[in-house]
Amino acid sequence: MQTTAELLLLLVVLTDLAVLGSSRLRTCIRAVAAQGLLLGLLPVALASRYTVHVVALSAGTVVVKAVVLPLFLLWAIREAAVRREVEPLVGYIASLLLGAAAVAAGFAIATRLPVPDVAEPVLVPVALATVMIGLIVLTTRRKALTQVVGYLMLENGIYLFGLTQTESVPFLLEVGVLLDIFAGVFIMGIVVFHINREFDSLDSSHLTELRD
Amino acid sequence: MTGHTDWRALVAVAMVLLIAPAIPGIATKTKSVLTGRRGAPVLQGYRDLAKLVRKGRVYSDVSTWVFRAGPVVVVASLVLALLMLPLDGRSAPLHFAGDVVAFAGALALGRFALVLSGLDTGSSFEGMGASREVTIASFAEPVLFLCFAALVLATGHLSLNGAVGPAIGAAWPRDTASLVLVALALFVLLLAENARVPVDDPATHLELTMVHEVIVLDHSGPDLALVLYGSALKLTLFAALLVCVVVPRAALRAWTAPVAVAAGVAVVAVLVGVVESAMARLRLTRVPQLIVGAGALALFGIILLLR
């Protein structure tokens with residue numbers, strides 16, 4: 001029988017694939033928001049008992065990853081009047097296949113990693129797959145906004161990896177990480193806004209032409 | 001091959017053959033109701049077939065026996081594939097180890113015959129439709145095999161008889177996630193293989209946008225009836241395959257299992273109608289993306305099973 005946590009983790013992988021396969025910026029952002037929600041539910045599903053630590057971590061994650069950051073990204077799309085297409089450097093089919101390969105690699109590698117006592121066996125492979133797919137999105141999408149999405153997924157993967165050690169990682173550290181992402185995405189959003197105003201597009205390859 | 005065949009399995013096959021023309025009707029009716037129209041009666045398919053069978057055929061001078069054989073081979077290959085499904089949840093009329101490949105082969109044979117009969121007319125429209133049909137199929141077929149691979153891994157049976165028959169019931173509690181993924185992939189395949197929205201719009205009759213309809217432009221009378229029956233049967237076959245995966249029927253009685261399959265097929269047809277009224281047709285270049293996405297789902301299902 002599969003546990004709730006396991007099903008949540010599988011849904012996380014599905015949101016990863018949804019980001020890779022969708023051609024609309026908005027769909028990508030919604031998928032990342034859904035992923036944030038799933039990640040927020042995970043600590044509760046994994047915990048043996050509901051401490052303040054677990055519930056607060058869960059609530060904080062949901063608020064930041066599933067509500068604030070997606071709303072901010074959607075706002076950035078509207079304000080910057082970006083074209084809604086993703087414009088990938090690597091085609092959708094190729095990136096979907098790369099994503100499937102990343103998931104396979106995640107599951108293959110995870111069994112060989114010396115990770116101490118993990119409550120949920122799927123956790124580490126899904127974390128690795130999400131990190132790799134985040135990297136794929138980060139490197140193969142041209143728009144600055146999709147790169148933010150990729151960065152968020154990358155971070156989501158790291159967060160998943162952190163969940164293996166929820167019992168021992170202090171609460172403050174996790175809150176600090178959440179704040180970091182929040183600040184990071186905010187700065188990225190402002191940068192995105194300025195790229196757009198400077199070049200009338202969000203194509204980050206323009207940045208290679210910068211001179212003083 | 002089988003030593004002896006349970007005659008009840010054959011009754012189930014006959015029932016599916018009989019209800020097939022109503023299944024696209026259910027999808028169309030659902031779509032009409034959801035979009036605020038009254039729509040054609042569900043049984044319109046039977047009337048169309050009866051009308052077409054009474055008509056004469058017209059053959060172009062340039063077409064050969066390939067054109068005439070096409071519709072017959074289409075229906076025959078689909079019936080062959082249908083015989084391999086364990087509709088009553090116990091045994092299929094035709095089963096042997098590795099018949100999953102034969103199932104896909106029968107489908108490919110039907111498609112091959114239809115495409116050839118389209119090409120045989122020498123019409124550029126039909127050539128275009130044939131090219132699109134084959135393009136879509138070249139993406140869809142590997143996905144079908146991925147789904148079968150997942151089913152075989154989940155159940156340990158190399159025959160559809162076991163893989164979607166009695167053994168699937170035991171596999172569901174163990175591999176829920178993988179089987180849900182396979183079912184999703186199979187539903188996308190059903191839409192793609194049967195030229196439904198979002199891959200193709202069965203309601204349009206504009207040659208430039210069609211995939212399936214355009215191949216059969218030159219067929220007339222009983223030939224067209226066979227082609228129409230074949231496409232209805234293909235939809236029913238895929239729906240039945242999906243139902244066989246989703247609904248374990250081993251615990252049902254021998255008589256209620258086929259009825260459950262028929263009801264399930266009707267539900268799938270309603271789902272198709274819902275999808276059709278909720279979505280627009282995808283641009284042709286986006287279609288492979290959808291099918292490869294389904295393939296990624298099935299592949300993920302396999303990875304979970306291999307773990």
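Figures for the structure shown
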{"item": "Computed FRET value (nearest 0.05) for residue B:69 with residue A:98, which takes r as the C-beta separation and R₀ as 41 Å", "result": "0.45"}
{"item": "Overall form of segment A:65-112 per C-alpha gyration tensor (a/c, 1.5; a/b vs b/c)", "result": "oblate"}
{"item": "Cα gyration tensor category, rounded, prolate or oblate, for segment A:46-130 with a/c compared to 1.5", "result": "oblate"}
{"item": "Apportionment of accessible area to carbon and sulfur, chain A, percent (1.4 Å)", "result": "67 percent"}
{"item": "Proximal charge balance of residue B:148 [Cβ under 11 Å; K/R count +1, D/E count -1]", "result": "-2"}
{"item": "Orientation-averaged projected area, Cα convex hull of the protein assembly as shown (nm²)", "result": "28.7 nm²"}
{"item": "Listed residues A:51, A:140, A:61, most fluctuating in chain A (Gaussian network, C-alpha, under 10 Å)", "result": "A:51"}
{"item": "Cα gyration tensor shape of segment B:216-307, rounded if a/c is under 1.5, else prolate or oblate by comparing a/b with b/c", "result": "oblate"}
{"item": "Dipole magnitude of the protein assembly as shown, debye to nearest 20 (Cβ charges: Lys/Arg +1, Asp/Glu -1, about Cα centre)", "result": "1260 debye"}
{"item": "Sequence-separation-based contact order of segment B:2-113, relative, with Cα cut under 8 Å and 6+ spacing, percent", "result": "32 percent"}
{"item": "Average beta-carbon neighbours from other chains, 10 Å sphere, peptide A:92-101", "result": "5"}
{"item": "Computed [θ] at 222 nm, helices only, for chain B once each DSSP H run of length n ≥ 4 contributes -39500 (n - 2.57)", "result": "-23000 deg cm²/dmol"}
{"item": "Euclidean distance of C-alpha centroids, segment B:129-159 and segment B:46-67, integer Å", "result": "31 Å"}
{"item": "Computed accessible area, residue B:51, all protein chains, 1.4 angstrom probe, square angstrom", "result": "100 Å²"}
{"item": "Among B:285, B:251, B:107 - extreme Cα towards positive end, dipole of segment B:7-306, charges at beta-carbon", "result": "B:251"}
{"item": "Helical segments meeting 30 Å axial Cα length and Kyte-Doolittle 1.0 threshold in chain A (DSSP H)", "result": "A:25-46, A:171-199"}
{"item": "Cα-based reach from residue B:31 at 30 Å (exclusive), listing lysines while leaving out same-chain residues under 8 positions away", "result": "B:51, B:55, B:234"}
{"item": "Proximal lysines to residue A:65, defined as alpha-carbon separation beneath 28 angstrom and excluding residues fewer than eight positions away on the same chain", "result": "A:143"}
{"item": "Pairwise label distance in nanometres, residue A:115 with residue A:186, each label 7 Å out on the Cα-Cβ vector", "result": "3.1 nm"}
{"item": "Probe 1.4 Å - accessible area at residue A:186, Å² to nearest ten", "result": "90 Å²"}
{"item": "Computed FRET value (nearest 0.05) for residue A:27 with residue A:177, which takes r as the C-beta separation and R₀ as 30 Å", "result": "0.65"}
{"item": "Span-like helix ranges in chain B, DSSP H, alpha carbon extent 30 angstrom or more, Kyte mean at least 0.5", "result": "B:99-120, B:124-155, B:221-246, B:256-278"}
{"item": "FRET efficiency estimate (nearest 0.05) - Cβ-Cβ, residue B:33 to residue A:193, R0 60 angstrom", "result": "0.80"}
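The values are calculated or read from the model by the stated rules, or taken from the named source; none is laboratory data. Note that the structure is a prediction, hence the values are computed from the model and not measured. Every residue, glycine as well, gets a Cβ built from its backbone with ideal geometry; the counts of neighbours run over all protein chains shown. Each accessible area value is taken on the protein alone, full model and side chains, heavy atoms only, with ligands, DNA and RNA left out. Shrake-Rupley method; radii C 1.70, N 1.55, O 1.52, S 1.80 Å.
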